[in-house]
1. Measure off 7 Å from each Cα along the Cα-to-Cβ vector at residue 348 and residue 314, then give the distance between these two points in nanometres to one decimal.
2. Kindly write out, for the stretch 420-429 in residue order, the coupling ³J(HN,Hα) from the Karplus curve 6.51 cos²θ - 1.76 cosθ + 1.60 (θ = phi - 60°), rounded to whole Hz, with x marking Gly and Pro.
3. Send over a whole-number figure in Å² for the accessible area per residue of the chain, probe 1.4 Å.
4. Using 20 Å as the cut-off for backbone N distance, which residues of the stretch 76-91 belong to the label zone defined by a point 7 Å from the Cα of residue 307 along Cα→Cβ?
5. Pairs 216/436; 32/150; 204/432; 35/107: which exceed 22 Å Cα-Cα?
6. Cβ neighbours within 10 Å, averaged per peptide: list 289-300, 49-60 in order, most packed at the top.
7. From the phi angles alone, apply the Karplus equation (6.51, -1.76, 1.60; θ = phi - 60°) to the stretch 329-334 and give each ³J(HN,Hα) in whole Hz, x where the residue is Gly or Pro.
8. For the stretch 52-104, give the percent of accessible area contributed by carbon and sulfur heavy atoms, probe 1.4 Å, rounded to a whole number.
Amino acid sequence: MLRASLRQVSAALKEGRVTPTELCQRCLAVIKSTKFLNAYITVTEETALKQAEESEERYKRGQPLGILDGIPIAVKDNFNTAGIETTCASNMLKGYISPYNATVVQKLLDHGAVLLGKTNLDEFAMGALGSDTGGSTRNPAAHCGVVGLKPTYGLISRHGLIPLVNSMDVPGILTRCVDDAAVLLGSLAGHDPKDSTTIQDDFKPFELPNLTDVSKLSIGIPKEYHAPGLSSEILALWSKAADLFKNAGAKVVEVSLPHTCYSIVCYHVLCTAEVASNMARFDGLEYGHRSDTKDSTESMYAATRREGFNDVVRGRILSGNYFLLKQNYEKYFVKAQKVRRLIANDFVKVFRSGVDVLLTPTTLNDAAPYTEFIQEDNRTRSAQDDILTQAANMAGLPAINVPTALSERGLPVGLQFIGRSFQEKQLLTVAKWFEKQVQFPVIQLEEVKRHDSGVFQHEKSASFS
């Protein structure tokens, strides 16, 4: 049951083959047995079981709240949750309990979802670990063999999402399959009066059709995504995916996004500038960590921020403040904004030329082993991880990672589809067709208790690699 899709689990709940409480208990058991993965910051066992019991009562009365009723979910720990600690994995917010739920959290709860807990992240989400600012839904999805959707900017409310980069932050969706992503999108999308950046029109949930004819599709292959450092294995997979569409009758064309080469630098200038602005609120006065230093107000400010933020966060704040200095503002921040507009215009031109969806790699490589991972600093890792994903954030476009194959080391590898603004249905329909063709092996997370146990096993199926 834990390996089934959302729709399959929902059907099992309706038919009584499993109860919400049994499902919740199974999920909690896996969380406990895989505690060494450090995936959760907070596990809300008591709350989850209570929510499951309430869901069970609704099913007994024949009045479930919808397809999400009784479905276990987890929320990244930078979304506010009423009565549950929200830390952003930072000492600065240790012990902080929000008085309200983020809009997306409230919507999930209103649909009967069962909250298992708050998941881990780099401090204030300043890395490639969902919310998605530069790839933080799609990158981990690619490395973990799941679907990761970053919707169009403004389609889902950011109210209650502790901000990193306001102009790029988007709540992301991580699911087992594309269909499940569409279900969650239907529950979460739409206007929110508490977030002025959300769309004004009502969002109509949709079911994805089973696409059988792709001959009318035009798939763009951006040549700039053949980036330095792209592994030969992923390059071959990307080429094979393009051939898959071509052989099925789709029009596959090479396209150019000429300003892509500047996007990662532009992204880091804008990202750090907005980070510096957003982090200014953490001064030790209103909420969050406060240093015991009592020499002066200024020394308390300094000590609070030194104790509350790690080196990476402090480094980005310093970089952002440097770019925002009066003598640097035009040279860095304003210029980066202008380049961002050029990057967005590149996408507009490509889509106006008749291209429906862009196909690109999601990551340069499969996941790095831990011993290699810790040898690189966060700044280098972030630049490498986000290089193929952040341009979609800069342009505000929807993008999705679809798990595609296993690498030679047996690790998941995904490819990315980028769609037109607010055309999630078309994007997800194409992604669903591709998902069906590649038949990615189902990853089974076994209940293991030792660090040296084999955590991931793969069911054998048709291999695309």
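The values are calculated or read from the model by the stated rules, or taken from the named source; none is laboratory data. This one's a predicted model, so the numbers in the text were calculated from it and none came from an experiment. Cβ coordinates were reconstructed from backbone atoms using ideal geometry, including for glycine residues, and neighbour counts include every protein chain displayed. Areas reflect the complete protein model, heavy atoms only, side chains present, ligands, DNA and RNA absent. Shrake-Rupley method; radii C 1.70, N 1.55, O 1.52, S 1.80 Å.
1. 4.2 nm
2. Result, rounded to whole Hz: 6, 4, 6, 9, 4, 5, 5, 4, 6, 5.
3. Counting only protein heavy atoms, the per-residue value for the chain is 46 Å².
4. Zone members listed by number: 86-91.
5. Pairs exceeding 22 Å: 32/150; 35/107.
6. 49-60, 289-300
7. Each residue's phi maps through the Karplus curve to give 4, 5, 5, 10, 5, 5 Hz.
8. 48 percent
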